[in-house]
Amino acid sequence: MADHVVERGAGGDHKSVLARLGERLTKSEDQFEADELLQDTARRGGTRISELRDRQVATVSGTVRAVTLRPRVTVPALVVDLYDGSRTVSLLWLGRRRIQGIEPGVHLTATGRVSCVRGAPTIYNPAYQIVPTRGH
């Protein structure tokens, strides 16, 4: 009787069923979520947030982690932290106090020019689309 069964993946790689099971048993729920988000980004043709460069026009996809209103005397700003499994990008809408449908847990795809603000990627006034979650 064989110690393990070998599967052949789509890319031609071999990985034992036991190795896959061990991987699943040792991964945290956060790691599973991050892997799923990265797969969704790749499936939608987006750029990983960890790979964004300053002044690049990019499409990103992920889950809204936080929504914050930065009240200013002159112009309010709505800030959304979008996480794709690799890193977080700030989506910032100037002059907006809220956007219907955008709240923590929602999946978004956003497109715009990346600015690195204090080393963190930020996209100002991006075009966006709320995307359905898995199973919907």
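Can you go through V75, V106, V67, V89 and tell me which one is out of contact with any Ser or Thr (no Cβ under 9 Å at 6 or more places or on another chain) and touching a residue at least 24 places away in the same chain (Cβ under 8 Å)? Working first, answer last.
Numbers: V75 fails: touching a residue at least 24 places away in the same chain (Cβ under 8 Å); V106 fails: out of contact with any Ser or Thr (no Cβ under 9 Å at 6 or more places or on another chain); V89 fails: out of contact with any Ser or Thr (no Cβ under 9 Å at 6 or more places or on another chain).
Only one candidate qualifies: V67.
Condition first: within 13 Å of the chain's Cα centre (by Cα) and basic (K, R). Now tell me which residues in segment 43-82 satisfy that.
Passing the criteria: R43, R44, R48, R65.
In segment 80-98, which residue that is closer than 16 Å to Q56 by Cβ and at pLDDT below 95 is surrounded by the most Cβ atoms within 10 Å (Cβ to Cβ)?
Ranking the qualifying residues of segment 80-98, first place goes to D84.
Just to be sure before I move on: is R65 basic (K, R) and under 28 Å from Q31 (Cα atoms) in the structure I sent?
Judged against the criteria, R65 is a match.
Being β-branched (V, I, T) and surrounded by 13 or more Cβ atoms within 10 Å (Cβ to Cβ) is the filter here; which residues of segment 45-79 pass it? Don't jump to the end; show me each part of the working.
From segment 45-79, those β-branched (V, I, T) are 47, 49, 57, 59-60, 63-64, 67-68, 73-75, 79; that's our starting set.
If the condition is that a residue be β-branched (V, I, T) and surrounded by 13 or more Cβ atoms within 10 Å (Cβ to Cβ), then T47, I49, T59, V60, T63, V64, V67, V79 are the ones that fit.
Does G101 satisfy the criteria of being assigned to a loop (DSSP other than H, G, I, E, B), surrounded by fewer than 16 Cβ atoms within 10 Å (Cβ to Cβ) and either touching a residue at least 12 places away in the same chain (Cβ under 8 Å) or not β-branched (V, I, T) (or both)?
Taking the combined requirement at face value, the residue satisfies it.
The values are calculated or read from the model by the stated rules, or taken from the named source; none is laboratory data. Keep in mind it's a predicted model, so treat the numbers as computed, not measured. Here Cβ is always computed from backbone atoms with ideal geometry, including for glycine, and neighbour counts include all displayed protein chains.
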